[in-house]
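Inspection log for the structure reproduced underneath, given as C-alpha cells.
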Amino acid sequence: MPRPATDLRRLILDTALDIIEAEGMKALTQPKIARRANLRQSHLTYYFPRKADLYIALLEASHDRASRHAQPSSVEDMLAGLMFDRERMRFFLSIILEVGDDPELQAVLRAHASGLADHVAPYYGRCPGDAAVIAFVDELRGIGIRLLLSPADVGFTRDLVTTTAEAHGLSPRK
C-alpha cells in the first residue's frame, strides 16, 4: 500500500535532517537523501523542485524537531541554542545563500525570521513587531555568525543573550 504524500514529505525532511545532524550541511545531497530514505530521487524533486524549496522546508522541520526533542528551560536557552550552535548557524546561512534573489523564497525566509522575534516578544512584555525585539534578535544572529569565526572552543551562553537583551532595554516580564 503506498504511503500518503505527507508521510513521504516527512520522510524526506527527517532523512535530510538526520544527514545534516550526523554529517553537516555539506553532506546533504539529493542522491544521499533518496538512498537513505529508500526512495527514488524523483520523489525529492516532486516535493521540492528546487534545492532552495527543500532548504526552506528544512528550516521549519528543524525547529519542529528541536521542539519535540528538547524543551529549553527558558527563552534565553532557546535563543542561545538557535543562535550560538555552530551547525544551526551554518544551516541558516546555507538557506540564505540557497534562497538567493528569489523573491518568493525571500518572503518566506523574512516571515520565518520575523516570526522568531514575534515569538519572543511577549516574554519581554512587548508586542509582535517591536523594533527593540527585532534589533535584539538580529544582533543575536550577528553574534552567532561571529561565533563561526571564533576558535571552536569558544562558546556563547544564555548569559550573553540576557546581556544583549538588556542592552536593547529588554527584560523578562515578571
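Quick check on SER94: is it of a type in the set (S, T, N, Q) and under 19 Å from the mean Cα position of the chain (by Cα)? When the stated conditions are applied, SER94 passes them. Scan segment 112-126 and give yes if some residue there is farther than 20 Å from ASP64 by Cα and part of a loop (DSSP other than H, G, I, E, B), otherwise no. Yes; the residues of segment 112-126 include at least one that is farther than 20 Å from ASP64 by Cα and part of a loop (DSSP other than H, G, I, E, B).
Assess whether ALA167 counts as being out of contact with any Lys or Arg (no Cβ under 8 Å at 6 or more places or on another chain), more than 29 Å from GLU21 (Cβ to Cβ) and not β-branched (Val, Ile, Thr). Yes, satisfied.
ILE12: in contact with a His (Cβ under 8 Å, 6 or more places away or on another chain), crowded, with 19+ Cβ neighbours inside 10 Å and at pLDDT 90 or above, yes or no? For ILE12, the condition - in contact with a His (Cβ under 8 Å, 6 or more places away or on another chain), crowded, with 19+ Cβ neighbours inside 10 Å and at pLDDT 90 or above - is met. Of the residues making up segment 119-135, those that are open to solvent by less than 60 Å² (accessible area, probe 1.4 Å) and of a type in the set (A, V, I, L, M) are VAL120, ALA121, ALA132, VAL133, ALA135.
Selection within segment 136-174: residues that are among the charged types (D, E, K, R), over 18 Å from PHE92 (Cβ atoms) and part of a helix (DSSP H, G or I). The member of this set that is most open to solvent (accessible area, probe 1.4 Å) is GLU166.
Where the second residue is of a type in the set (Val, Ile, Thr) and modelled with pLDDT under 90 and the first is on the phi < 0 side of the Ramachandran plot and lies in segment 40-53, which pairs have Cβ atoms under 6 Å and are six or more apart or on separate chains? Short answer, once both residue conditions are applied: ALA52/VAL99.
The values are calculated or read from the model by the stated rules, or taken from the named source; none is laboratory data. A quick note: this is a predicted structure, and the numbers were derived from the prediction, not measured. Positions of Cβ are generated from backbone atoms using ideal geometry, with glycine treated the same way; all protein chains shown enter the neighbour counts. Calculation scope for accessible area: heavy atoms of the full protein, side chains included, ligands and nucleic acids excluded. Shrake-Rupley method; radii C 1.70, N 1.55, O 1.52, S 1.80 Å.
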